[in-house]
Each structure stands twice: as structure tokens, then as C-alpha cells.
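Here the structure is laid out as C-alpha cells; the discussion comes afterwards.
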Amino acid sequence: MTLNELDTPAVVIDLDRLEANLGAMQAACDAAGVALRPHIKTHKCPEIARFQLRAGARGLTVAKLGEAEVMADLAGCDDLFIAYPLLGESKLARLRALCERAEVRVSVCSLDQARLLSAGLGATRVKVRLNVDTGLLRDGFEPDAALDAAQRIADLPGLDLVGVFTHEGHCARLETPAAVAECGRSSARRLVEVAERLREQGLPVTEVAPGSTPTALAALDVPGVTEVRPGTYCFWDANYVHRLGLDLDQCAARVVVTVVDHPAPERVIVDGGSKTFFADSGGWWGRARCVELPELTLPSCSEEHGQALWTGAGAAPVALGQRLTFVPHHICPVINLVDCVNVLRGEEVLDTWRIAARGMVS
Ligand SMILES: Cc1ncc(COP(=O)(O)O)c(C=O)c1O
């Protein structure tokens, strides 16, 4: 089958571009001697996870236990980091079962959560990493609070405190690539400092893992960093094209839609709405950037109607039934909306891959 024969709306993955994106990050990590543990939140797809592992990734990062189960069972991954605070008996029962089939590291965000985790482990032991908040103001310890709590966490039964991690997601909001990189370096330095202070306390903290896509390369420059955890780099998206000055062509995941109505010269309706493009507000281009017609923006969507707006001169140069290709503003929730993606080499559809961890939010 060829791209033109695919029914729409369809999410397509350009295999050459995907391989280039994955290969470039792996090569940079290998050159720096730093482990790559990609976050699968973006692709949620066992085939892509297997590719990352074959290319040299140390293991995988997930947010949710359900994602970890899919990656252990369908991608054959036996080295997982769950970068999310696990709480509650049903989750801890699933964690104990998962530990039978994979080495699992888990996040600890507070002393209370560590106590509950320890109490629910039974005879299972898990490696834990302290989540240090280096500026995102989300979950985790302030750096000083991590230093205060670490010994008490290390003393809890069943927990082996092996490392620290941070998600410096706040850096992505900065406007220039240089500012994003400097924010990444400074977050990584703060994390390295926390690890050094913990080692001075006698704690065997050997894993120092910052993690986000736009800061990953900058973090590789910081001595003491042992692992990075980017996720979005597999596909990139319109947001990163804008913020990091990338080429739209570097984006490996796109949505192909059909023009189903052209009710006014400047208004164009395509067959993907918020159930395809997600309801992010996006940038000047709206929810996604049109590859063929850069002046066609996608400022609003109802559930099944993408309400595109032509910002160029005259009427939008489209015809009913015409196919258009969009690069989503934020790719992660778009992938989470489909059962399968179509894998392309050039114009040929080679395969469909299941997004097996889509919807795995528990
Ligand atoms: C804990 C953690 N690590 C890594 C990542 C990956 O970062 P990015 O989305 O910039 O690829 C995320 C993203 O949300 C995250 O929450």
C-alpha cells in the first residue's frame, strides 16, 4: 500500500527519520559515555522501544506501571525505571509481580511515600531514585529536603537507594535554544551536587539522571551525570521545531487528513478534530503545522472537525478531497489517541505498529 491509499485521518511515522532521530541521540550518549534510558511516554510502542534497546539504550523509562507492564511483556525490556510515585496496595501488588520479570527502579518523591512503598513490598527489594525538583515545581524533593530525607529512606526495609533524578521540564518553556541548554546544564549541576552531598553522607548514590528532550545534549556535558531520559526526541514536534529552531522535516510523526469542507475562502475543514489532534492550544500555527501549506493554521478543533484557517492572500488553495499533512504541536497526546500508527519508508506503507501502551494511565 502507498501513503495515498491510506484512509484518513491517519498517523504516519517516517521510518528513515525515526531511525535518524533515535540514532543521533544514542550516538551522542555513547560519545559522552552516558547511559540513555528513553522515556516511552511519547511513542508507547513496543516496536520503537525494541529499536531503542537494540541501538544501545540501557533500559526504558515509563511514567505509569501499566506502561512498564507493556514494555516488559511486549518489548521484552528487563530494565525499567518508573519515574512516578507509586502508591496503594493494588499498584504495589503489581509492582511486586513486575519485579519477578524485570529489574525495576522506582521513584521516591517524599519520605511518606517511601514509607508506604517500603511497607507494601513484602519480601521484594527495589532500587529507588530520589526525585529532586530542580525548578519544575512538580513532584519530588527540594534539593535540601532530599539531603535531609535520604538517610531515613535508605534505612527503610526493602529499599536500595541507588540514585537521584530530575525532570527539568521547566527549561523547555524558555524562548531560545541557548537558554534551554543553559537551564539544562544548571539543573544537571544541581542534581550532581545533591548526589555528591549524599555520597559525603556515606550513601551509595551512583545514578545521576536528569531527563528531558530539549536539555539532553546539554546535560551530557555536565561531569557526574550518568544517564539521560529524553522521550520526545524520537519524533520531535512542532513545538520543538519552533523552540529549538529544528527543521520541520526532522519530525518523524505526522497526521494525514482530508479536506472535507471549504465553507468560506479562508476556512477549511479537515477530517481530524480534537480526537485526532488533542486540544493543546499550540503556537501561532495552532494545534499542528501544515507541511504542504505553511500559511494554513489549525487554531481550533471540535471533536471530529479540524477548523483550519488560511492566513495567506486570497482563498485557501485547497480542493475538496485533497489530502494534507500536519505535524502536531505536541506529539505525545496525539499518539495516545490512536490504536496503531502506519510506518512509511518514503511513500510506501511498510507496516502498522500497535500503540500498545496507549491509555495505560494507571
Ligand atoms: C520524569 C520524566 N522524565 C523524562 C521525560 C521526558 O521528557 P521530554 O518530554 O522532554 O522528552 C518526562 C516528560 O514528561 C518526565 O516526566
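The values are calculated or read from the model by the stated rules, or taken from the named source; none is laboratory data. All values derive from a computational prediction rather than experimental measurement. Neighbour counts are summed over all protein chains in view; Cβ atoms, including those assigned to glycine, are modelled from backbone coordinates with ideal geometry. Note: accessible area is taken over every heavy atom of the protein model, side chains too, but ligands, DNA and RNA are not part of it. Shrake-Rupley method; radii C 1.70, N 1.55, O 1.52, S 1.80 Å.
Scanning region 143-168 for residues that are open to solvent by 10 Å² or more (accessible area, probe 1.4 Å) and of a type in the set (D, E, K, R) gives 144, 148, 152, 155, 160. On the stretch given as region 278-335, residues that are modelled with pLDDT of 95 or more, within 24 Å of the chain's Cα centre (by Cα) and either in a helix (DSSP H, G or I) or acidic (Asp, Glu) (or both) total 5. Sub-6 Å Cβ pairs linking a first residue in region 291-310 that is under 22 Å from residue 251 (Cα atoms) to a second residue that is among the hydroxyl-bearing types (Ser, Thr, Tyr) and open to solvent by 50 Å² or more (accessible area, probe 1.4 Å), at least 6 apart or interchain, are 295/311; 297/311, ordered by first then second residue. Annotation note: of 322, 307, the sole residue that is in contact with a Pro (Cβ under 8 Å, 6 or more places away or on another chain), on the phi < 0 side of the Ramachandran plot and not hydrophobic (A, V, I, L, M, F, W, C) is 307.
Within this structure, residue 67 passes the test of being in contact (Cβ under 8 Å) with a residue 60 or more places away in the chain, acidic (Asp, Glu) and within 14 Å of the ligand (Cβ to nearest atom). The one condition from (1) surrounded by 15 or more Cβ atoms within 10 Å (Cβ to Cβ); (2) without any contact (Cβ under 8 Å) to a residue 40 or more places away in the chain; (3) within 20 Å of residue 227 (Cβ to Cβ) that residue 121 does not meet is (3). Selection of region 70-94 for residues being farther than 23 Å from residue 341 by Cβ and within 14 Å of the ligand (Cβ to nearest atom) yields 81, 82, 83, 84, 85, 86.
Every residue, every condition in (1) under 21 Å from residue 48 (Cβ atoms); (2) surrounded by fewer than 23 Cβ atoms within 10 Å (Cβ to Cβ); (3) within 16 Å of the ligand (Cβ to nearest atom), yes or no:
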| residue | (1), (2), (3) |
| --- | --- |
| 296 | no, no, no |
| 307 | no, yes, no |
| 315 | no, yes, no |
| 319 | no, yes, no |
| 330 | yes, yes, yes |
| 333 | yes, yes, yes |
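Each row is one residue, and each column tells you yes or no for (1) over 30 Å from residue 242 (Cα atoms); (2) at pLDDT 95 or above; (3) in a loop (DSSP other than H, G, I, E, B); (4) touching a Gly at 6+ places or on another chain (Cβ under 8 Å).
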{"site": "77", "(1), (2), (3), (4)": "yes, yes, yes, yes"}
{"site": "80", "(1), (2), (3), (4)": "yes, yes, no, yes"}
{"site": "94", "(1), (2), (3), (4)": "yes, yes, no, no"}
{"site": "97", "(1), (2), (3), (4)": "yes, yes, no, no"}
{"site": "106", "(1), (2), (3), (4)": "yes, yes, no, no"}
{"site": "134", "(1), (2), (3), (4)": "no, yes, yes, no"}
{"site": "150", "(1), (2), (3), (4)": "yes, yes, no, no"}
{"site": "167", "(1), (2), (3), (4)": "no, yes, yes, yes"}
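For region 220-242: of the residues being within 11 Å of the ligand (Cβ to nearest atom) and assigned to a helix (DSSP H, G or I), which is surrounded by the fewest Cβ atoms within 10 Å (Cβ to Cβ)? Ranking the candidates gives 239 first.
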